[in-house]
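Participant: Before we start, here is the structure in question, set down as structure tokens.
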Amino acid sequence: MSKSIDPPVEQISAFGDHGPLRRIIAEDPEWSLALVPPLSILCLQNIVTNFEEKQTIEELLPAHKEYVLGRLPPSLPLHVTANLISDPGYWRRCCVQRWNPCDVSQYGHSWKRMFFEKHLENLLELFIPDVTPPHSILELVPLCRDYVLRLDVSQLLPPIKEPGNPGRERPREEQQQQQEEEEGEEEQEEEEDAASDAGPSMDHFDFGLLLDQLSRLEELRLVYGVRGCGMNFEWNLFEFTLRDCEALARALKSCHTLKVLRLCQSKVEDERCRILALHLLDHPSLLELDLSHNLIGDRGARAIGKLLSRSRLEGLDLYDNEVAGPGARAIAHALSRSAALRSLNLRLNRLGDEGGRAVGQALLTNRTLRRLHLGANEMGEASAAVLAQVLVQNDTLTSVNLSCNSLGADGGKILEDAMSHNNAVTEFDVRLTEVGEGSEAFIGQRVRSNQGRVREHPA
């Protein structure tokens with residue numbers, strides 16, 4: 001009997017006998033034809049991998065385009081993606097990667113706008129004069145100008161005086177040694193040293209380089225100070241210099257689309273306020289000005305009064321400044337002639353009865369102001385008497401705040417009687433004014449009655 005010459009099973013599998021091959025495949029539970037991607041997917045994956053070198057997107061079919069956009073990495077350079085990609089999903093991934101959580105509702109529900117506004121804000125907040133090159137910000141402008149409508153810059157950094165230890169005062173021995181060395185140097189070297197000690201070329205970022213190029217900017221909020229300085233606190237970290245003020249004022253004048261300006265917590269005093277007001281005269285679009293938490297006194301308030309007379313301002317906020325009676329008179333004079341102002345906030349100033357009476361007299365003729373805040377202004381019964389006349393004669397005011405003043409019981413009675421003739425005021429705050437519980441309760445009841453009337457008969 002001859003021996004069988006059939007090859008072993010291992011050889012049959014190697015030579016392609018499909019019987020044993022199928023048995024081996026079946027023993028692998030992870031094997032599937034689906035693991036082999038179609039050629040079209042391989043091509044799309046290649047497009048994603050090489051997108052920075054070759055931006056192939058518009059030529060694709062809609063389904064393929066969606067596939068590519070859904071897989072592009074958020075780390076792609078902005079000069080590649082800014083003017084090419086409008087897909088909200090891509091920009092959402094970019095935002096979430098950097099600022100999670102994100103509230104896109106504050107940006108008109110546009111993820112792309114949110115990304116560019118916050119990205120530009122971060123660059124400005126980290127800009128160090130004479131250290132950070134300005135082109136690092138300016139090169140972004142052509143990419144973001146169509147998407148930036150609002151900038152909220154919560155800090156602006158000053159120059160670095162001495163790297164590693166700013167503001168340090170050198171010991172007397174070091175100063176003497178330095179003086180001896182300078183005396184022994186040549187005249188040319190001394191001139192170079194003098195030039196190097198002349199100070200920084202700028203105090204903070206110069207907005208004149210930026211604002212006129214942001215063609216859609218409508219709202220700007222700036223704080224000339226350092227956020228969270230901690231134990232490294234120094235007063236020079238919170239200084240809005242004259243050079244800053246002049247540069248910003250010129251930039252604001254050239255920004256013709258700006259509607260809202262907020263310059264808060266920046267130590268703006270009278271001189272700087274006058275410079276700003278001068279450049280904002282006849283501004284074509286500015287509607288709201290917020291200079292709260294500054295050092296503005298009567299001279300600055302007079303400049304703002306002139307601004308009110310020659311602008312389209314609808315909202316003015318001078319909360320927490322140093323405006324007294326004369327400054328309030330200047331603002332009141334402009335208020336009596338203004339046909340645009342809708343909201344005036346003078347809370348936490350020093351108006352006294354002189355300023356309170358002046359504002360009240362202006363409101364006897366003004367018919368545009370709707371919201372008035374005079375809280376914490378050292379006003380008394382004399383101010384309450386004039387404001388009571390306003391409540392009787394003025395049917396435009398809807399919100400009045402007189403809290404934290406010393407109006408007294410008699411002032412409360414006067415206001416109580418005036419409110420019995422008023423059908424327009426739906427917000428009236430007289431807390432901490434010593435008007436008495438009875439007057440405060442009656443005023444509150446009258447306000448609720450006016451609110452119900454407005455709900456039943458809305459304008």
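Participant: Among V80, V104, which is within 23 Å of the chain's Cα centre (by Cα) and among the β-branched types (V, I, T)? Working first, answer last.
Facilitator: On the way: V80 fails: within 23 Å of the chain's Cα centre (by Cα).
Testing whether each residue is within 23 Å of the chain's Cα centre (by Cα) and among the β-branched types (V, I, T) leaves just V104.
Participant: On the given criteria, is A376 at pLDDT 95 or above and surrounded by fewer than 18 Cβ atoms within 10 Å (Cβ to Cβ)?
Facilitator: Values: at pLDDT 95 or above: yes; surrounded by fewer than 18 Cβ atoms within 10 Å (Cβ to Cβ): no.
So A376 does not fit the description; no.
Participant: Quick one: how many residues across segment 309-320 are open to solvent by less than 10 Å² (accessible area, probe 1.4 Å) and outside any strand (DSSP E or B)?
Facilitator: Residues in segment 309-320 being open to solvent by less than 10 Å² (accessible area, probe 1.4 Å) and outside any strand (DSSP E or B): 2 in total.
Participant: Further question on the same structure: Among the residues of segment 398-431, count how many are in contact with a Gly (Cβ under 9 Å, 6 or more places away or on another chain) and not basic (K, R).
Facilitator: Summing the residues that are in contact with a Gly (Cβ under 9 Å, 6 or more places away or on another chain) and not basic (K, R) in segment 398-431 gives 15.
Participant: Can you report the number of residues in segment 235-267 which are open to solvent by 60 Å² or more (accessible area, probe 1.4 Å) and acidic (D, E)?
Facilitator: 2
Participant: What do you reckon, is R431 farther than 30 Å from S285 by Cα, charged (D, E, K, R) and crowded, with 21+ Cβ neighbours inside 10 Å? Show your work before the answer.
Facilitator: Numbers: farther than 30 Å from S285 by Cα: yes; charged (D, E, K, R): yes; crowded, with 21+ Cβ neighbours inside 10 Å: no.
So R431 fails the test.
Participant: Test E354 against the stated conditions and say whether it is of a type outside the set (S, T, N, Q) and on the phi < 0 side of the Ramachandran plot. Explain how you work it out, then say what you get.
Facilitator: Numbers: of a type outside the set (S, T, N, Q): yes; on the phi < 0 side of the Ramachandran plot: yes.
In short, yes.
Participant: Return the pair list, or none, for Cβ contacts closer than 7 Å from residues in segment 441-454 that are over 10 Å from V425 (Cβ atoms) and at pLDDT 95 or above to residues that are open to solvent by less than 60 Å² (accessible area, probe 1.4 Å) and acidic (D, E), at least 6 apart or on different chains.
Facilitator: F442/E416
Participant: A follow-up question, please. Of everything in segment 268-301 that's out of contact with any Asp or Glu (no Cβ under 9 Å at 6 or more places or on another chain) and among the charged types (D, E, K, R), which residue is most open to solvent (accessible area, probe 1.4 Å)?
Facilitator: Once the filter is applied, the top-ranked residue is R274.
Participant: Can you tell me which residue in segment 202-234 is nearest to the chain's Cα centre (by Cα), limited to those that are among the hydrophobic types (A, V, I, L, M, F, W, C) and open to solvent by 60 Å² or more (accessible area, probe 1.4 Å)? Working first, answer last.
Facilitator: Kept after step one, since they are among the hydrophobic types (A, V, I, L, M, F, W, C), are these residues of segment 202-234: 202, 205, 207, 209-211, 214, 217, 220, 222-223, 226, 229, 231, 233.
Imposing the further condition that a residue be open to solvent by 60 Å² or more (accessible area, probe 1.4 Å) reduces the set to 209, 231, 233.
Values: L209: 18, M231: 26, F233: 23 Å.
Once the filter is applied, the top-ranked residue is L209.
Participant: Conditions first: (1) at pLDDT 65 or above; (2) open to solvent by 80 Å² or more (accessible area, probe 1.4 Å); (3) among the acidic types (D, E). D87 passes all but one, so which condition is the exception?
Facilitator: (2)
Participant: Let me ask something else about it. Answer yes or no as to whether R350 is open to solvent by 50 Å² or more (accessible area, probe 1.4 Å) and at pLDDT below 95. Quick ask: steps written out before the conclusion?
Facilitator: Working: open to solvent by 50 Å² or more (accessible area, probe 1.4 Å): yes; at pLDDT below 95: no.
No: the conditions fail for R350.
Participant: Considering only residues that are open to solvent by 10 Å² or more (accessible area, probe 1.4 Å) and in contact with a helix residue (DSSP H, G or I) (Cβ under 7 Å, 6 or more places away or on another chain), which ones fall in segment 111-125? Lay out the reasoning, then the answer.
Facilitator: Going through segment 111-125, the residues open to solvent by 10 Å² or more (accessible area, probe 1.4 Å) turn out to be 111-113, 115, 118-119, 121-123, 125.
Answer for segment 111-125, where residues must be open to solvent by 10 Å² or more (accessible area, probe 1.4 Å) and in contact with a helix residue (DSSP H, G or I) (Cβ under 7 Å, 6 or more places away or on another chain): W111, K112, R113, F115, L123.
The values are calculated or read from the model by the stated rules, or taken from the named source; none is laboratory data. On a predicted model such as this, the values are computed, not experimentally measured, just so you know. So basically every Cβ, Gly included, is an ideal-geometry build from the backbone, and we count neighbours across all protein chains shown. Ligands, DNA and RNA are stripped out before the accessible areas are found, and what is left, the full protein with its side chains, is counted by its heavy atoms. Shrake-Rupley method; radii C 1.70, N 1.55, O 1.52, S 1.80 Å.
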